[in-house]
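Enquirer: Questions regarding the structure given below will be posed in turn.
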Amino acid sequence: MSYAIAIDGPSGAGKSTIAKRVAKELSFIYVDTGAMYRAMALYVLEQNIDPQDQAKVAAACPDIDVTILYEDGVQQVLLNGKNVSAEIRQEIVGNTASKISVIKEVREKLVALQRQLAAKENVVMDGRDIGTQVLPDATVKIYLTASAKERAKRRYLELQEKGMPGELDQIEADIIERDNRDMNREISPLRQAEDAVLVDTSFMGIEEVTAAVIAEFEKKK
Ligand code: C5P
């Protein structure tokens, strides 16, 4: 039997940073499911499909192949054979991902891929619906959150570091809009699973959060 650590929460709560660290310490595979929604969003953008046009996006799903590979333990995302791991980090791609992630066909395709990965390996998987939908029997479920202001500040600094500066107020507005969409959609809305442990990272450091997640895993494994 393989282990699964499910980490859900809103944008910018630090899920990927923490999930990567936890995966490294436990020698598990880190699965970034947001990257898969982003890859599909990139396709929609490239094809000039209106992300709000659900029928068009659903019809395009069979033409989209998302493949996950690991290079030196780092997840790479291929969109129809092309490595798009860097391109999908753009803000516009994240916002478009949030728009298309409400569509049933998009979710079905990606949830199947996510379950396949978790069936083979010990995983730390992060997203919005991992504990509630994708891996309801995960060994441990964490709901990671932080205030919208703190999350905007972190995203701002992260973008600056990557040489993609943004405006703090705009980033906060986008985060709030994305939270609303993710939490209020009909299919698999973002919410804390009943058996998930809530970790508010607003006033916690990376090491502290990592240790807290590993401690929860050790308790439940
Ligand atoms: O986490 P990230 O910002 O990369 O995710 C981009 C978008 O993909 C999210 O805003 C959310 O709408 C969607 N998503 C999702 N379910 C997941 C992961 C991401 O709906 N498991």
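Only the coordinates and a few stated rules stand behind these numbers; no lab work does. Nothing here was measured: the structure is a model prediction, and the numbers come from that model. Please note: Cβ atoms are built from the backbone with ideal geometry, for glycine as well, and neighbour counts cover all protein chains shown.
Enquirer: Consider just the alpha-carbon atoms of the range 1-82 and return their Rg together with their Dmax, both in angstrom.
Expert: That works out to 15.1, 43 Å for Rg and Dmax.
Enquirer: Once the Cβ-Cβ distance between Asp72 and Ser2 is put in as r, and R0 is 30 Å, what FRET efficiency do you end up with, to the nearest 0.05?
Expert: After rounding, the FRET efficiency stands at 0.90.
Enquirer: If you place +1 on the Cβ of every Lys and Arg, -1 on the Cβ of every Asp and Glu, and leave all else neutral, what size is the dipole of the chain about its Cα centre, to the nearest 20 Debye?
Expert: Magnitude of the dipole: close to 280 debye.
Enquirer: Right, something else. Need the C-alpha centroid separation for the range 1-22 versus the range 92-143, integer Å.
Expert: Centre-to-centre distance over Cα atoms comes out at 11 Å.
Enquirer: In addition: Debye sum, Cα scatterers, the chain, no solvent: what log₁₀ I/I(0) at q = 0.10, 0.16 1/Å?
Expert: -0.41, -1.14
Enquirer: Count the net charge of all other residues whose Cβ sits under 11 Å from the Cβ of Pro62, scoring Lys and Arg as +1 and Asp and Glu as -1.
Expert: Around Pro62, the charge tally is -2.
Enquirer: Remind me, relative contact order of the chain in percent, using alpha carbon pairs under 8 angstrom and six or more residues apart?
Expert: It rounds to 33 percent for the chain.
Enquirer: Okay, moving on. To the nearest 500 deg cm²/dmol, what mean residue ellipticity at 222 nm is calculated for the chain from DSSP H runs of n ≥ 4 alone, each contributing -39,500 (n - 2.57), summed and divided by the residues?
Expert: -15500 deg cm²/dmol, from helical runs alone.
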